[in-house]
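One structure below.
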Amino acid sequence: MKVIKRIITIIQDSERDFDERIFLLLTALSELAVAMVLVGDIITGEHPVEIITLLGTVIANPIIVFLCLKWHKVDLGGRLISVLVIFVIMPAVFFFGGGPEGGGILWFTYCSIYVGLLAKGSARKVMLVLLFVSAALDYALAWYRPEWVYPHEKGIFYIDSFISVLAVGVFAYFMVRFQNNLYLSESERAKREREKAERLNASQNAFFANMSHEIRTPINTILGLNEVILKDAVNEEVREDAENIQASGKLLLTLINDILDISKLESGQMKLILSEFKTMDMLSDTASMLSPRAREKKLDFSVDISPELPTALIGDEIRIQQILINLLNNAIKYTKEGRVELSVRAGEKSGDAINMVFSVSDTGKGIKKEDLPYLFSAFKRVDEDENRHIEGTGLGLSIVKQLTDIMGGKINVDSIYTKGSSFVVELPLRIADNGPIGEKALADGHRYRRGGSSSNSFEAPNARVLIVDDNESNLLVERKLLKGTKISVDCVLSGREALRKTLENSYEAILMDHLMPEMDGIECAKSIRSQKGGLCRNAKIIALTANAGADHKKRFEAAGFDGYLTKPVSGKDLKHELLRLLPKNLITKEEPGQDVLTDTVKWMRSDKRRKSVMITTDSAADLPEELKEKYGIEVICHKIRTREGCFRDGKEIDARGLLEYMQNDPFPIETGPAGVEEHEVFFANGLSRAENIVHISLSGGIGHSGYRAALDAAASFDNVFVVDSSQVSSGQGLLVIEAARMAEKGLSASEIQNKIKELIPKIHMSFIVDKLDFLMRSGEFRPLLGRFLNSLMSHPVLELKKGKLKITNIYMGAREYAFEAYVSHVIKKARSANKEMLIITYAGMREEELFAIRDMVKPSFDNVYLVQASPAISANCGPNTLGLLYREG
């Protein structure tokens, strides 16, 4: 009895592993069912083999269960018992228990339930298949070999089948009952845990909110009085110190907001407040907040803003600013020298919807590849040993990622360790004013900052304002911030004092603190609205609160407040709110706020702004120089290895000089691409001037292709896309030019990538060579074939087929005749071609020959370019090589 109670206790123990409890439940019920059948078999005198099998099962089952629970090998135990049931127990019970006319047939149903509940995953499917195969085999053998089946008398059959029905029924009943109880208890436990987590989350949120409130109150005093100093400061040194205090105070406030926000984000309580905001104001405020820190570290802090940005947008300005502040703050923290840059441009537009693209790049420490997966984890700082002296909570990037996700945007990271990082955030917003901000606001050479100190933007000497706050320091700050407006200001320390004042005086506006003893701000405002004999029932009431957040703002709106200001309150915001709410006839003087030009943030000229997409390639893409410069195509050099050393293709060695060298020196020349690390540096430099890179490489099927190295390097970046051109020389160059034109039209990187892949089959690329000697040296052709064709004075025509060079035609006779025949053939073939452009690529040919060929093709094409093949291409094809390349229509 104690054993049974112990088993029931273990099954009901919610602290135990759920799978272990199910395993014990099923095997205990099975033990009971088998024991019932064993007793029945002994009474009815069944075959000894069946009785021994069942007895062995009753003994072995508890031993297996005990060992599996002890060693926590429940899955193994389940599989072991299933195998024994399928291949030992069931065949014995079937053949020695009457076969189809015995009670054993019911146990096949029992076994399918047992195996289905006990086994897991693929093991469950395998075991069920094996069970059905075993059953089918048993029945087949009973049919074909009836002598193998121990026969039952009719009476014994009835008794045996009844016992089996009873045993299987008891098993099924208790199994369903106990399992249902287990699931109910687990569900109840999960519910309790969820409620506990919700209570814990609520208390955590309450703690963070209270902490935020308590810290904001003294910060309000610090920043408020500091703003007064800024306004009145005459001494430049005092002003500079005050500006630094203001910037540091705002950063401290940002840190507090981060702690509060991460709790809201992780509990799913973060809500966005969509409103109209001025694009330039938001960006200048953001930049000016971070510039003092950059200046302290002697970093070059630049802001690259497209003049085509809409003047006003609709979105959550505070959250967008928070994303930018966190990214810029991180960039400044981890950059010892060099630059930090903020770049903003407009992405795709559709109606009043726009994709805003914000990029923050730096020349700092960079991020290790192995740390990139943990970059956006809360409370996780990558490279802890290196960064242990840098302040921060590790929350910034986690908040950035979660806010970006909530807004429906995306964030990409490109980084090379020790070289720097680039973060690109795309946010879908709506346009409020589609007029472009224009070049005027970004005047060349100026450094722009919206005023950090407030100006006396208006005067209202006949207006009266009541300030209600239980903190005397806050009253002092708010009174001083309104000093220049000439408003008559009364201050009280409680809601009850406020009610006495509103009985005696009429106020146009009331600034009401939220959390006060005895009577809070919401209760006091309701009392003022309904006050009998009160003189301020229609006054404008503005909430002053240290509890920031969308939920609080909505709460004040529902309570009938006319305005809402978050502490610490700036003079600018306070005056803006009063100017909005005070009767216009009381405003005697109003001055528009002025933007102040200071030496903080430089705004880049339009010719230096970052591109949306940069097109890059390798030096094997033979491009017309004028088009390369026109479209700003960046090129990474292949390498030429000679007896004299290693040279960069086209930079340190030219094609003509290389061919002369090769004709005089039989030493083998090796050509090859830049390595992975060189590509990484190349892409990193490109991303400092563009937000995305589309790199079009030499055909991956060519021996000296850089496609694989470029692809491996691109894996370190989110915004680098590598395309295998399946072309060589100017065939690759034609694709590069098409991609550059697409980028100029504003297509995205992914759109360019897809369109270029569609264009690849339309590029016609063919070359005629004088001899195959150089191609044999480079390994592109077998020497036997090359020597045979050379002996016939033939001039092969080569084309790229599936990334490999193939001979598609052969011209015999003198070189001049063969080349002329080749050109004529191409002109005829090109009748359906795109007539816009033809590129003549050559290696080691005379000018008069080239001019004659150009004159032959000129009538068939609008633009004809003569391009000398790069050293890397020339070294492989040799002198007197001519190629005609165009795009099919």
Can you name the residue in region 60-87 that is within 26 Å of GLY99 (Cβ to Cβ) and more than 50 Å from the chain's Cα centre (by Cα) and, of all such residues, is most open to solvent (accessible area, probe 1.4 Å)?
PHE87
Taking region 243-256 and keeping only residues that are open to solvent by less than 40 Å² (accessible area, probe 1.4 Å) and closer than 22 Å to TYR564 by Cβ, one is left with GLY249, LEU253, THR254, ILE256
For region 28-42, name all the residues that are among the β-branched types (Val, Ile, Thr) and either in contact (Cβ under 8 Å) with a residue 40 or more places away in the chain or not in a helix (DSSP H, G or I) (or both).
VAL34, VAL37
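Going by the structure shown, is GLY102 open to solvent by less than 10 Å² (accessible area, probe 1.4 Å) and not β-branched (Val, Ile, Thr)?
Values: open to solvent by less than 10 Å² (accessible area, probe 1.4 Å): yes; not β-branched (Val, Ile, Thr): yes.
So GLY102 fits the description; yes.
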Taking into account only those residues within region 637-692 that are of a type in the set (Lys, Arg) and at pLDDT 70 or above, which is farthest from ASN719 (Cα to Cα)?
ARG643
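Against the definition (at pLDDT 80 or above, open to solvent by less than 60 Å² (accessible area, probe 1.4 Å) and at positive phi), how does GLY45 come out, yes or no? Don't jump to the end; show me each part of the working.
Working: at pLDDT 80 or above: yes; open to solvent by less than 60 Å² (accessible area, probe 1.4 Å): yes; at positive phi: yes.
Yes.
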Filtering region 529-569 down to residues that are open to solvent by 30 Å² or more (accessible area, probe 1.4 Å) and hydroxyl-bearing (Ser, Thr, Tyr), which residue is modelled with the highest pLDDT?
SER530
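Filter region 408-428 down to the residues that are open to solvent by 30 Å² or more (accessible area, probe 1.4 Å) and modelled with pLDDT of 90 or more, then identify the one that is nearest to SER343 (Cα to Cα).
Restricting attention to region 408-428, the residues satisfying the condition of being open to solvent by 30 Å² or more (accessible area, probe 1.4 Å) are 408, 410, 412, 417-419, 426, 428.
With the extra rule that they be modelled with pLDDT of 90 or more, the set shrinks to 408, 410, 426, 428.
Values: GLY408: 20, LYS410: 16, GLU426: 12, PRO428: 16 Å.
Among residues in region 408-428 that are open to solvent by 30 Å² or more (accessible area, probe 1.4 Å) and modelled with pLDDT of 90 or more, the one nearest to SER343 (Cα to Cα) is GLU426.
When region 78-98 is examined, which residues are found to be out of contact with any Asp or Glu (no Cβ under 8 Å at 6 or more places or on another chain) and small (Gly, Ala, Ser)?
Within region 78-98, GLY78, SER82 qualify.
Mind checking which residues of region 507-548 are aliphatic (A, V, I, L, M) and touching a Phe, Trp or Tyr at 6+ places or on another chain (Cβ under 9 Å)? Break it down into steps so the answer makes sense when it comes.
Residues of region 507-548 that are aliphatic (A, V, I, L, M), as a first pass: 509-512, 515-516, 519, 522, 525, 528, 535, 539, 541-544, 546, 548.
Across region 507-548, the qualifying residues are MET512, ILE522, ALA525, LEU535, ALA539, ILE541, ILE542, ALA543, LEU544.
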Of (1) free of Cβ contacts under 8 Å to residues at least 60 places away in the same chain; (2) surrounded by fewer than 19 Cβ atoms within 10 Å (Cβ to Cβ), MET289 satisfies all except one. Which?
(2)
Residue, nearest to LYS501 (Cα to Cα), within region 463-482, restricted to residues that are over 45 Å from the mean Cα position of the chain (by Cα) and among the acidic types (Asp, Glu):
ASP470
Take region 791-836 and flag every residue that is open to solvent by less than 80 Å² (accessible area, probe 1.4 Å), among the aromatic types (Phe, Trp, Tyr) and part of a helix (DSSP H, G or I).
PHE819, TYR822
Checking LEU283 against (1) touching a residue at least 40 places away in the same chain (Cβ under 8 Å); (2) open to solvent by 10 Å² or more (accessible area, probe 1.4 Å); (3) among the aliphatic types (A, V, I, L, M); (4) out of contact with any Phe, Trp or Tyr (no Cβ under 8 Å at 6 or more places or on another chain), only one condition comes out false. Which one?
(2)
Would region 214-231 turn up any residue that is more than 26 Å from MET516 (Cα to Cα) and modelled with pLDDT of 75 or more?
yes
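Restricting to region 617-649, name every residue that is part of a helix (DSSP H, G or I) and either of a type in the set (Ser, Thr, Tyr) or surrounded by 17 or more Cβ atoms within 10 Å (Cβ to Cβ) (or both).
Within region 617-649, the first condition is being part of a helix (DSSP H, G or I), and the residues that meet it are 625-631.
Selection gives LEU627, LYS628, TYR631.
For (1) closer than 15 Å to VAL165 by Cα; (2) aliphatic (A, V, I, L, M), each residue gets a yes or a no:
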residue	(1), (2)
GLU46	no, no
GLU50	no, no
VAL58	no, yes
LEU76	no, yes
ILE81	no, yes
LEU84	no, yes
ALA92	no, yes
GLY97	yes, no
GLY102	yes, no
If the Cβ limit is 6 Å and pairs must be 6+ apart or interchain, which residue in region 465-483 that is more than 19 Å from ALA539 (Cα to Cα) pairs with which residue that is of a type in the set (Val, Ile, Thr) and surrounded by 22 or more Cβ atoms within 10 Å (Cβ to Cβ)?
LEU475/ILE467
Taking region 705-752 as the region of interest, how many residues are within 22 Å of the chain's Cα centre (by Cα), under 30 Å from GLU370 (Cα atoms) and part of a loop (DSSP other than H, G, I, E, B)?
5
Within region 233-278, can you find the residues that are of a type in the set (Lys, Arg) and either within 23 Å of the chain's Cα centre (by Cα) or at pLDDT 75 or above (or both)?
ARG239, LYS264, LYS271, LYS278
For residues in region 837-889 being touching a Phe, Trp or Tyr at 6+ places or on another chain (Cβ under 8 Å) and surrounded by fewer than 16 Cβ atoms within 10 Å (Cβ to Cβ), which is modelled with the highest pLDDT?
LEU866
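Does ALA353 satisfy the criteria of being touching a Phe, Trp or Tyr at 6+ places or on another chain (Cβ under 8 Å) and small (Gly, Ala, Ser)?
Working: touching a Phe, Trp or Tyr at 6+ places or on another chain (Cβ under 8 Å): no; small (Gly, Ala, Ser): yes.
It is false that ALA353 is touching a Phe, Trp or Tyr at 6+ places or on another chain (Cβ under 8 Å) and small (Gly, Ala, Ser).
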Of (1) within 18 Å of ILE51 (Cβ to Cβ); (2) assigned to a loop (DSSP other than H, G, I, E, B); (3) not acidic (Asp, Glu), HIS72 fails just (1)
Can you work out which of the residues in region 301-355 that are in contact with a strand residue (DSSP E or B) (Cβ under 7 Å, 6 or more places away or on another chain) and basic (Lys, Arg) is surrounded by the fewest Cβ atoms within 10 Å (Cβ to Cβ)?
ARG339
Pairs only if they're at least six apart or on different chains, beta carbon under 8 angstrom, first in region 500-517 and modelled with pLDDT of 90 or more, second part of a strand (DSSP E or B) and of a type in the set (Gly, Ala, Ser); list them, first residue then second.
MET512/ALA543
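Kindly evaluate MET812 against the criterion of being at pLDDT 85 or above and of a type in the set (A, V, I, L, M).
Values: at pLDDT 85 or above: no; of a type in the set (A, V, I, L, M): yes.
No.
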May I ask you to list pairs of residues, at least six apart or on different chains, whose Cβ atoms are under 7 Å apart, with the first in region 819-843 being on the phi > 0 side of the Ramachandran plot and the second being part of a strand (DSSP E or B)?
none
Considering (1) at pLDDT 90 or above; (2) out of contact with any helix residue (DSSP H, G or I) (no Cβ under 7 Å at 6 or more places or on another chain); (3) farther than 23 Å from ILE840 by Cα, say which one PHE721 fails and leave the rest.
(2)
Sole miss for ALA509 among (1) surrounded by 20 or more Cβ atoms within 10 Å (Cβ to Cβ); (2) more than 18 Å from GLY533 (Cα to Cα) is condition (2)
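The values are calculated or read from the model by the stated rules, or taken from the named source; none is laboratory data. Computed from a prediction, not measured in an experiment: that's the story for all the values here. Heads up, the Cβs are rebuilt from the backbone with ideal geometry, glycines too, and the neighbour counts pull from every protein chain shown. All accessible areas refer to the heavy atoms of the entire protein, side chains included, with ligands and DNA or RNA removed. Shrake-Rupley method; radii C 1.70, N 1.55, O 1.52, S 1.80 Å.
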